[in-house]
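Student: First the structure, then my questions, so here it is.
The values are calculated or read from the model by the stated rules, or taken from the named source; none is laboratory data. If you're wondering where the values come from, they're calculated on a predicted model, not measured in any experiment. Glycine gets a Cβ as well: all are built from the backbone with ideal geometry, and neighbour counts include every protein chain shown. Accessible surface areas use protein heavy atoms only, side chains included; no ligands, DNA or RNA. Shrake-Rupley method; radii C 1.70, N 1.55, O 1.52, S 1.80 Å.
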Amino acid sequence: MRFIFCACAFLAACEVKGGNMEAENMRDIIFGPQAVDSVANVKRGISYGEKISIPVDWTSKSFIFEKNGYKTNGFIFLDSVVREYIVTKDQELMTILKAYVADWIRQNPSYVAKTWPWYDDAIGRRVQRMSYYYSEFGECFDAGEIAELRRSLDMQAHVLLDDSCYTFKHNHGMFMDLALICYALLVCDDSAFKEQCLDKACERMLAYFEYVFTDDGVHKEHSPSYAREVSHVAAVVSRVMMDVRPRFANSIFKYGECASKWLTALTMPNGVHPSIGDSPYLKYDALPPEDVVFKHGGYAVFRSSWTDPADVATWILFMAATHNCTHKHSDDLSFLLYHGGDLIVEAGYRNYNFLDPDTAYAYSGYGHNVLCVNDNEFPVKINQKGFRAILPDALKTRIMDSDVSGGVKTVTGRQERFSNVVQQRTLRYDKTRKVVEIDDVLEAKEALKSTLIFHLAPGIAALQTGDKLQFFRGDVLVATMSIASESEFSVRTLLANEADSPYRTSIFVNNLTMKDGPTVLVDVKCDKGESRVLSRIQLEDLGPRRSLDVIGSYDVIGRYNVSVESGSLTVTGCLESDGEGGGGRTPRLRCYWFGFLTNMVVVLGLETLCHLRYSSVVTCIYRRTEISRDVLSFPKMVRVLNSGL
């Protein structure tokens, strides 16, 4: 099992930096995790594949909804230029940056509603960046240029203050408030106006955090990548604002921290977050308990074991989360199954061009493992731009019951999005027998046809014999699925590249790459009343588990002694080695504090994996050859398990 874990965003962001300038502190979120265009592309006048040579048509209707419109007007496309300039001080880069900024200011002297320059997320991202340019690069602008930059920032700050221009209960509003904070701390020298900006930003941002996180720490925008970004903002803003607004800083810190359990529970055996909602696959670096249910948030995560290597591990995600329209896909009661690799997946994240048929499919029920009725997906309201708004009945989707105490883990969800049928789905995972059951109870108000969709991952082959299917990865049988019901039903399989409108086999990987995987459709003839369908997946044993051996005894530098007895490692002090102590040996393993919780420790090194717990015990797996006398440093007791690799 090969994971090299890096520092998690939240506590790393809360670490005290060497400098105390606001600009240095804010840089972590101003130039955050967004995908940026290359310096080479910017030099050629290209932003995300579209020509934007000066003078730029900042209001261009050809802008793709998400990528070009807000990222260009938000100056995100210039981030690579800024990062390289900070290192190289290359004046050509500064000339490019100044030219685009001046062009935007010249063409946008005042607010114009419903245009790309004044799109909510664009103004938020842009004011953050322009404030940083003003603070850090002011000496690069002449007197006239800096005056124009300041005039534009003052004007935009008044727009950000206006509640009628603000987006409530949405991360776009949070970024608008973040922009006000950046402006107030980095630009504004009018003390009264500065206080007005900070008061408004703190009030609205705190209201957003109070709204967007459930009691059990689930972010209501349905997408792990956005939860990560919002948590990161909470961490950095709480640090920056501690001296300015300490009560506010402490309040939002807890919201960044509370998301840790959900975010870490979602982690798949290969160390990445699943592609659900509007999230691509993303690597993540923390480990919570194996089986977790977030009843209020609407997610359940089951897994075979944190110690199982990715090529044999099992991981299941069940979703019953509908909080609002933000990044919401039609995935009510859908589930994902990983067994030695992706097995049952969803269409995934495409983009935000809602008029694109592929994007519409990725958002729709047809792209998820859900129920369709009479070949219709969940009812939604679609506007002229293709945006899909949920109807009130979608808010009734919820987790009703769960049990993770025994060997069989269960979760039950319910959705009422159709007017003529209510679905209750129970997912059971028997770890010992390696069986996953999807038990659907359909309460029909009239006779109808129900179709249950199961999307298989690209690379999985499906062999159907009657109502039974075998799933192969290459020539390896990974699972067998059988269907049972007292109602009349039939099973059909769409193979890769096939379609049976409205059903498809398309799966999107890394946003734009489209692949195909088989789609299993279970058609059930439902009479008025209750119908039940049991889909049983028998998972194959993909390989032996690693043996856990006693390793022996090891001496560590100086007076610190590490003894290994029956798999337990006790450290009698906190040892930190920088390579100068202990005979000048360079440590092969180094200890870091990281993550969302104050008692999390990570060890980084070759072929090293740390399993984190919510207590003083940290479970670690090493290659035998990587156990080193140089550094094993913890102030707590840890257990070392030999992976047998």
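Student: As a test question: what accessible area, to the nearest 10 Å², does H158 have when a 1.4 Å probe is rolled over all protein chains in place?
Tutor: H158 exposes around 110 Å² with every protein chain in place.
Student: Taking the Cβ of R151 as the center, what net charge do the other residues with Cβ under 13 Å away carry, scoring Lys and Arg +1 and Asp and Glu -1?
Tutor: After counting each charged neighbour, the total is -1.
Student: Could you pull out which residues in the range 311-353 have an amide N less than 19 Å from a spot 7 Å beyond the Cα of D439, following the Cα-Cβ vector?
Tutor: Once the point is set 7 Å along Cα→Cβ of D439, 316-320, 333-336 turn out to lie under 19 Å by backbone N, inside the range 311-353.
Student: While we're looking at this one, here's another question. With the alpha-carbon atoms as the only input, what is the per residue convex hull volume for the range 64-104 in Å³?
Tutor: Working: hull volume 2.4 nm³, N = 41.
So the per-residue hull volume is 58 Å³.
Student: Then there's this: Sorting check: for 394-400, 69-75, which peptide has the highest mean count of neighbouring beta carbons within 10 Å, and how do the rest follow?
Tutor: 69-75, 394-400
Student: Which GluC sites (Glu not before Pro) in the range 403-498 sit in a loop by DSSP (not H, G, I, E or B) and have at most 16 other Cβ atoms within 10 Å of their own Cβ?
Tutor: On the way: sites: E416, E437, E443, E446, E486, E488, E498; in loops: E416, E446, E486, E488, E498.
Filter output for the range 403-498: E446, E486, E488, E498.
Student: Give me the extension gain from F168 to S501: residue separation times 0.36 nm, minus the current Cα-Cα distance, reported in nm with one decimal. Kindly include the intermediate steps, with their values, before the conclusion.
Tutor: Details: separation 333, 0.36 × 333 = 119.88 nm, distance 3.79 nm.
116.1 nm is the gain from fully extending F168 to S501.
Student: Measure off, as a whole percent, the carbon and sulfur share of the 1.4 Å-probe accessible area of the range 356-506, all protein chains present.
Tutor: Result for the range 356-506: 50 percent of the exposed heavy-atom area is carbon or sulfur.
Student: Over the range 238-332, with a single point scatterer placed on each C-alpha, what log10 of the ratio I(q)/I(0) does the Debye formula yield at q = 0.13, 0.15, 0.17, 0.22 1/Å?
Tutor: Per q value, in the given order, log10 I(q)/I(0) is -0.56, -0.70, -0.84, -1.12.
Student: Given the Cα-Cα distance of N374 and M400 and 0.36 nm per residue of separation, how much length would full extension add, in nm? Write out the running numbers ahead of the final one.
Tutor: Numbers: separation 26, 0.36 × 26 = 9.36 nm, distance 2.61 nm.
So the extension gain works out to 6.8 nm.
Student: Which peptide among 178-190, 109-121, 234-246 comes first, and what is the full order, when sorted by highest mean count of other Cβ atoms within 10 Å?
Tutor: Values: 178-190: 22.6, 109-121: 15.0, 234-246: 20.3.
Ranked by mean Cβ neighbours within 10 Å, highest first: 178-190, 234-246, 109-121.
Student: In Å², what does the accessible area per residue of the range 113-166 work out to with a 1.4 Å probe?
Tutor: Working: 1940 Å² over 54 residues.
That works out to 36 Å² for each residue.
Student: Right, something else. Expressed as a whole number of Å, what is the distance separating the alpha-carbon centroids of the range 167-204 and the range 209-227?
Tutor: 22
Student: What Kirkwood radius, in Å to one decimal, follows from the Cα pairs of the range 319-414?
Tutor: Its Kirkwood hydrodynamic radius stands at 14.7 Å.
Student: For the range 250-347, what % of the accessible area comes from carbon and sulfur atoms, probe 1.4 Å?
Tutor: Heavy-atom surface of the range 250-347 belonging to carbon and sulfur, 1.4 Å probe: 51 percent.
Student: Please tell me which of these pairs span more than 29 angstrom C-alpha to C-alpha: K114/K200; K220/K381; K396/K528; K169/K254?
Tutor: Too far apart for the 29 Å limit: no listed pair.
Student: What full-extension length gain, to one decimal in nm, is calculated for Y111 and T480 as 0.36 nm per residue of separation minus the Cα-Cα distance?
Tutor: Taking Y111 through T480 to full extension adds about 126.9 nm, to one decimal.
Student: Let me ask something else. Note down the net charge around F302, summing +1 for each Lys or Arg and -1 for each Asp or Glu among other residues with Cβ under 9 Å from its Cβ.
Tutor: That works out to +1.
Student: Still on this structure: Considering only protein heavy atoms, what per residue accessible area in square angstrom results for the range 189-301 with a 1.4 angstrom probe?
Tutor: Values: 3650 Å² over 113 residues.
Averaged over the residues of the range 189-301, the accessible area is 32 Å².
Student: Under a 1.4 Å probe, what is the accessible area of the range 391-498 per residue, stated in Å²? Numbers along the way, then the final one.
Tutor: Numbers: 4790 Å² over 108 residues.
With the other protein chains kept in place, the range 391-498 gives 44 Å² per residue.
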